[in-house]
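Shown next, in structure tokens, is the structure this report addresses.
Please treat every number below as a calculation from the coordinates, not as lab data. Since we're looking at a predicted model, the values are computed, not measured. Cβ coordinates were reconstructed from backbone atoms using ideal geometry, including for glycine residues, and neighbour counts include every protein chain displayed.
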Amino acid sequence: MNCRVEHFEEAEFLCPCCGEGKVAQVLVLWLDLLRRAWGAPVFVNSGWRCPPHNGQVGGSKSSRHMIGCAADIRVAPATNTSRDMPQWPEFAALAARLCRLPGWEFRLYGSFIHVAVPREEAQRLWHGQEIVL
């Protein structure tokens, strides 16, 4: 089965420090499904991070961002806080429901959500085209 990613571009997941990056297919597919279910834009704050950038932002030394298995996402400009976004509780609840899978991470912060897929998914990377399952 082929799955066309409709709402995300490969560039959204690149490290802002070095412009490099990769992202797990299942993470992109999950984000695209979340976007379809939400019915409005979902933005990637942080996708893949090189080790220096991960250190600069205070990421864990074993962060899944460094292997393409994590993304921090939001539904409004990063300058907003949850109290400025009346839709935030509904979006967070939807993302939490869709993220109840073994080995996944889901962390809710004030203005963004961290989602990570299992580390073994780093073996199947997305290259900006259709995902073949």
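Odds and ends about this structure:
- Rounded to the nearest 20 debye, the dipole magnitude of region 2-132 is 360 debye, with +1 charges on Lys and Arg beta carbons, -1 on Asp and Glu beta carbons, and the Cα centre as origin.
- Across region 13-20, computed HN-Hα scalar couplings (Karplus, 6.51 cos²θ - 1.76 cosθ + 1.60, θ = phi - 60°) run 9, 6, 5, x, 6, 10, x, 8 Hz from first to last residue, x flagging Gly and Pro.
- Using C-alpha pairs under 8 Å with a sequence gap of at least 6, the mean separation divided by the residue count of the chain gives a relative contact order of 34 percent.
- Other residues with beta-carbon under 14 Å from the beta-carbon of Asn2 carry, at +1 per Lys or Arg and -1 per Asp or Glu, a net charge of -2.
- Gly59 sits among other residues whose Cβ lies under 14 Å from its own Cβ, and their net charge, with Lys and Arg +1 and Asp and Glu -1, is +2.
- Scalar couplings 3J(HN,Hα) for region 39-50, obtained by applying the Karplus form with A = 6.51, B = -1.76, C = 1.60 to θ = phi - 60°, are x, 8, x, 10, 10, 9, 6, 8, x, 6, 10, 6 Hz; x denotes Gly and Pro.
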